[in-house]
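The values are calculated or read from the model by the stated rules, or taken from the named source; none is laboratory data. It should be emphasised that the depicted structure is a prediction, and the values quoted were computed from it without experimental measurement. For neighbour counting, all protein chains shown are included, and Cβ atoms are generated from backbone atoms with ideal geometry for every residue, glycine included.
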Amino acid sequence: MRSITTRTGDDGTTGLLFGQRVAKDHPQIEAVGTLDELNAALGAAKAQLGASERHGRIRQQVTEIQRELITLMGEVACAEEDLTRYAGSKFAKLTPAAVSALDEAIATLEAQGLRFDGWATPGANALAAAFDVARATGRRAERRLCALSSYGRKLRPELSQYVNRLADLLWLWAREAEQ
């Protein structure tokens, strides 16, 4: 069995998807790391879900979103010069349909007539707080993705659209959990 400890990062570098080494504080690594934090925050929210049918559906949606975040992280972790190789690879790709699914989930929640006035004050209960932590992490991930263009890393629009919609959905799930 291989060890998780490779020692290749002891010099302050880490590997991108196809092996290129970059500094651990490289903007792509910051973006991938923040997406990983978002994935973990979603796991914490998922752990707060109860046994109701509604929570079961949300649990399924969160699990699918976590899979899609892993897909998104893979693409972000690819060097600009390896994008053609990535496009032709067997790796899953985030699709416009994934963005549409988030739009549909948002529309469904908005149609329920959730009540909210002004800025949210997180912490009404553990589930709402967990979704708010995930939302705030999602907004940071969105900022990290947007910043990549300043460093020469162009992203497909679906990637930032996905994270933007996800943060909106998490905000709504937090408001729903408060009620």
Can you pull out every residue in segment 99-157 that is of a type in the set (Lys, Arg) and more than 23 Å from Gln60 (Cβ to Cβ)? Arg115, Arg139, Arg140, Arg143, Arg144, Arg153, Lys154, Arg156
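Could you list, in sequence order, all residues of segment 145-156 that are in contact with a helix residue (DSSP H, G or I) (Cβ under 9 Å, 6 or more places away or on another chain) and on the phi < 0 side of the Ramachandran plot? Don't jump to the end; show me each part of the working.
Keep residues of segment 145-156 that are in contact with a helix residue (DSSP H, G or I) (Cβ under 9 Å, 6 or more places away or on another chain), which gives 145-148, 150-156.
Correct list: Leu145, Cys146, Ala147, Leu148, Ser150, Tyr151, Arg153, Lys154, Leu155, Arg156.
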Inside segment 83-101, can you point out the residues that are in contact with a Phe, Trp or Tyr (Cβ under 7 Å, 6 or more places away or on another chain) and within 18 Å of Leu35 (Cβ to Cβ)? Leu94, Ala98, Val99
Could you figure out which of (1) hydroxyl-bearing (Ser, Thr, Tyr); (2) surrounded by 14 or more Cβ atoms within 10 Å (Cβ to Cβ); (3) free of Cβ contacts under 8 Å to residues at least 40 places away in the same chain isn't true of Thr121? (2)
Got at least one residue in segment 76-87 being under 26 Å from Gly152 (Cβ atoms), within 13 Å of the chain's Cα centre (by Cα), surrounded by fewer than 16 Cβ atoms within 10 Å (Cβ to Cβ) and not polar (S, T, N, Q)? no
Residue among Ala51, Ala40 that is assigned to a loop (DSSP other than H, G, I, E, B) and free of Cβ contacts under 8 Å to residues at least 60 places away in the same chain: Ala51
For the subset of segment 1-57 comprising residues that are on the phi > 0 side of the Ramachandran plot and of a type in the set (Gly, Ala, Ser), which member is surrounded by the fewest Cβ atoms within 10 Å (Cβ to Cβ)? Gly19
Give just the number: which of (1) modelled with pLDDT under 95; (2) within 24 Å of Ser100 (Cβ to Cβ); (3) of a type outside the set (A, V, I, L, M) does Arg139 not satisfy? (1)
